[in-house]
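Let me begin by presenting the structure, written as structure tokens, before commenting on it.
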Amino acid sequence: MEIVQLPEAPPGFGAPPDPEELARRAFASISLVAPRARVAPRKSVGPGLVGLPVWMWAQRGPNQFGPLTASASDRGLTVSIHAEVDKVVWDMGNGTEVICDGPGTPYDRSGEESPDCGYDSGYPKADTYRVQATTHWNVTWEGGNRRGTIPNVTRTTGVVEIQINELQVVTR
């Protein structure tokens, strides 16, 4: 009998595939994109007023909000992931954060509060504010009799400026 040492293990031998590594591979295959943030009023269109509601919404699409799925396989083990936005945190530029469950509703010029994503009390003083939103993704995986999450997945939008003016009324 002759013993031959191979430079590497033949296919199917060695450590089994790591499900977490396969989850990371599957995650790397999808594209999560920061949505384009929108506000009303918007500085480029016209100012808002102190105390009036501000609407916020973001571009919708599977790469901006999900759901997205992907999988990765190695030596008979397949791991699947599911990614979907859990919440959107809006930084209103004055230390206030507004948390919304989804992308929000585009402004409809009604003058009413946003039905699902707004800074309802409005800004307390006149100024120019720099608003941006961060999407927080819930990414879960399962395979190989295991399951888990990929934590701390976020995407942040560019800045949108909003001008807030004050209106004073004088009566006689």
Has region 125-143 got any residue that is modelled with pLDDT under 95 and either surrounded by 13 or more Cβ atoms within 10 Å (Cβ to Cβ) or among the aromatic types (Phe, Trp, Tyr) (or both)? no
Among the residues of region 24-47, which ones are without any contact (Cβ under 8 Å) to a residue 40 or more places away in the chain and outside any loop (DSSP other than H, G, I, E, B)? Ala28
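Results for (1) among the acidic types (Asp, Glu); (2) in contact with a strand residue (DSSP E or B) (Cβ under 8 Å, 6 or more places away or on another chain); (3) in contact (Cβ under 8 Å) with a residue 24 or more places away in the chain, shown as yes or no for each residue.
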position: Val4; (1), (2), (3): no, no, no
position: Pro16; (1), (2), (3): no, yes, yes
position: Val50; (1), (2), (3): no, yes, yes
position: Val79; (1), (2), (3): no, yes, yes
position: Val89; (1), (2), (3): no, yes, yes
position: Ile99; (1), (2), (3): no, yes, no
position: Gly104; (1), (2), (3): no, yes, yes
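Quick grid of which residues meet (1) closer than 23 Å to Val33 by Cα; (2) not basic (Lys, Arg):
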{"residue": "Gly66", "(1), (2)": "yes, yes"}
{"residue": "Thr78", "(1), (2)": "no, yes"}
{"residue": "Lys87", "(1), (2)": "yes, no"}
{"residue": "Asp108", "(1), (2)": "no, yes"}
{"residue": "Asn138", "(1), (2)": "yes, yes"}
{"residue": "Trp141", "(1), (2)": "yes, yes"}
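List the strands (runs of 3 or more DSSP E) that sit entirely inside region 49-119 and contain at least 2 residues that are within 27 Å of Ala28 (Cβ to Cβ). Let's see the steps before the verdict.
Details: elements: 54-58, 68-74, 77-91, 97-100.
Passing ranges, in order: 68-74, 77-91.
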Among the residues in region 71-79, are any β-branched (Val, Ile, Thr), over 21 Å from Arg155 (Cβ atoms) and crowded, with 18+ Cβ neighbours inside 10 Å? yes
Region 112-136 residues that are farther than 14 Å from Asp91 by Cα, paired with ones that are among the small types (Gly, Ala, Ser) and part of a loop (DSSP other than H, G, I, E, B) (beta carbon under 7 Å, 6 or more apart): Ser114/Gly104; Asp116/Gly102; Asp116/Gly104
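The values are calculated or read from the model by the stated rules, or taken from the named source; none is laboratory data. Only a predicted model underlies this, so the values are computations on that prediction, with no experimental measurement involved. Glycine also receives a Cβ, built like all others from the backbone with ideal geometry; neighbour counts cover every protein chain displayed.
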